[in-house]
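*Asks:* Below is the structure I would like to discuss, written out as structure tokens.
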């Protein structure tokens, strides 16, 4: 019994033990499961943290090594390329007799004028006048006489101008001109329909003005178009004024149905219709220029209710999908090249109409609701005025009155640019004459004819952008004596100093100025001797202004122009011809970024040919190579033989780009004399950049390619190298005779060009 109990008890114990073990196993598995889950959670967290950490490292790395990015007008992104320099070129000196220059006895060195040699001994470089018409001619000549090349910033900036100008011209010829022609025809037809509906209403005259407005724009593109009889007289008067392009007069079309005085009427400066820049090359471009100038300059003023009605009617027509798309196809590419309109645009009015009248507003909705029209007028007058005045107006009492005079809607408004705003702040009425201090100055007490500053100076731009030397020159010639000049420049300097890279790279125009900014910085210790003096600082100013003049030339149709207010041998022995790149790596880096943005932006919209895409890509490679070489030079590193060969062959590369943009020009194909074509289509360009409506325009331009001779350090020895630089000109000219490139080149070739600015005497040998 006991044994049985024992056995039973043992069995029970065995069962209990087994159950305990089972439970224990279960518990262990549960615990293990929990541990596994915990481990998984920990590992997952660690993985995620690691991934985040990796991403953070990657992001930090990108911020350090990759460029910052800014978007340009829905087209492309600007990628800033880093520059890696620690300037440490060994100190060297130049003997007064140039006896330590190793190639001083070469024939091509001996022909350098004595005056230039004195400047080389003093400053390390000299610039001399030259008869050459293009940069590549100088560099190709150097190659054949074993003269070391000095690749200048001027030469590559000029090449960018050629590419920019050609690409814009090609876009206008192949895309924009046809688009504007079709849009104009549609706008005229729809405006005529509106007029027929609105006859007998308060909106009739506004509709009639639009018929006249689009008749002018359409006929300038296609003279075969019949002028509607209701505006025939006014349109013919307008076309006659445009073709005469002489003076400032009341616009017959824009003042339809009014009897306003000359002071109160809308006035136009018809001298602006002289086709210039690249627009005088073909009849198609001439027509496009005049039509686009008409659409971009004529203003429907917010101070005039009838003109506001015209702008509303235009907006309703543009609301039609096909017209809106057509308008965008013109507006957006120009936005990418130059910038946004400085005036009230279609989209401003579109939003205002929707806010006040509602979406899908019809013509009947507009004309049947006078209360809402009153509200619209009140809201329209609250829209931002333009920063730049580009229309002739009489003296205003104050800022508010001036804004009222210039605020208006434009069909294709000219674009805001920062250099134009600088000019606007540094001429009358913002700046007075030299008889008063800023606190004493009252604009109504002076005018252009009484000594007010009504035309700017090119140096105003680099001075405001940070060049102390430009500011010093301006002060030397007394510009700071004009009332409020210095004060306004200081305000602009403070504003500009806060601009982020996104502003500077918002479009190609701003990007062009951005790439020039490093030229305004003085070069100090570690840079080559020739860059460490005042003469070089002024040479860099000359480079800045030469390139800026090309920018104004290329965008003369689209960028706003400021207006003051109205007032009353044998064989040559082979030599060491290793050359040098002007060490401006920041300029080359920014130019590379700009070229990439330009290429990708146009490609994105299918606005570029495959050939032009390839050429822009080649130029990117070239500018990147110049950036790398100039970094090596400043860091005192040896160049490779391939890099020296690139410097030697530079002229051929420039010639390639020149041929690419000229080969399809009708004049190039027709001539049997390439030299003659080059003379007639040289690097010399001219552009009017500001207007004194009392009769003068400020012309800026470039002329012949001047030679620069520089004492360069190569492998511890000095030698003379040669390159090309801009010759820069600036002068007032009769408003009624705004200069074309052709007329300017004739002036240069006949010896009738004005003198160079006196501040260049320090580096130009006479």
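What follows is calculated from the coordinates using simple rules that are stated; it is not laboratory data. Bear in mind that the values here come from a model prediction, so they are computed numbers and not experimental data. Using ideal geometry, Cβ is built from the backbone for each residue, glycine included, and neighbour counts are taken over all protein chains shown.
*Asks:* Which distance in Å, rounded to a whole number, links the C-alpha centroids of segment 219-255 and segment 149-179?
*Replies:* That distance is 33 Å.
*Asks:* What length, rounded to one decimal in nm, is gained on full extension from residue 502 through to residue 79, with 0.36 nm per residue of separation minus their alpha-carbon distance?
*Replies:* 151.2 nm
*Asks:* Next question. When 153, 128 are ordered from fewest to most other Cβ atoms inside 10 Å of their Cβ, what list results?
*Replies:* 128, 153
*Asks:* Could you state the number of Å between the C-alpha centres of segment 480-515 and segment 688-766?
*Replies:* One Cα centre to the other: 24 Å.
*Asks:* Ranked highest first by average number of other Cβ atoms within 10 Å, how do 266-273, 670-677, 382-389 line up?
*Replies:* Descending mean neighbour count gives 266-273, 382-389, 670-677.
*Asks:* Starting from the Cα of residue 490, step 7 Å along the direction of its Cβ; do the same at residue 671; then give the gap between the two resulting points in nm.
*Replies:* 5.2 nm
*Asks:* Another question about this same structure. Starting from the Cα of residue 236, step 7 Å along the direction of its Cβ; do the same at residue 379; then give the gap between the two resulting points in nm.
*Replies:* If labels sit at residue 236 and residue 379, their model points lie 4.3 nm apart.
*Asks:* Between segment 360-422 and segment 585-623, how far is it from one alpha carbon centroid to the other, in angstrom?
*Replies:* What the calculation gives is 37 Å, centre to centre.
*Asks:* Counting other beta carbons within 10 Å of each residue's own, what order do 656, 245, 161 fall into, fewest first?
*Replies:* Going from sparsest to densest Cβ surroundings: 656, 245, 161.
*Asks:* Which of the peptides 540-546, 136-142, 749-755 is most tightly packed, and how do the rest follow, going by the mean number of other Cβ atoms within 10 Å of each residue?
*Replies:* 540-546, 136-142, 749-755
*Asks:* Arrange 147, 302 by Cβ neighbour counts within 10 Å, fewest through most, would you?
*Replies:* Lowest count first: 302, 147.
*Asks:* Turning to a different aspect of this structure: Of the listed values [x] 52; [y] 63; [z] 56, identify the label whose number matches percent of Cα pairs over 34 Å apart calculated from this model.
*Replies:* The listed entry that was calculated here is [z].
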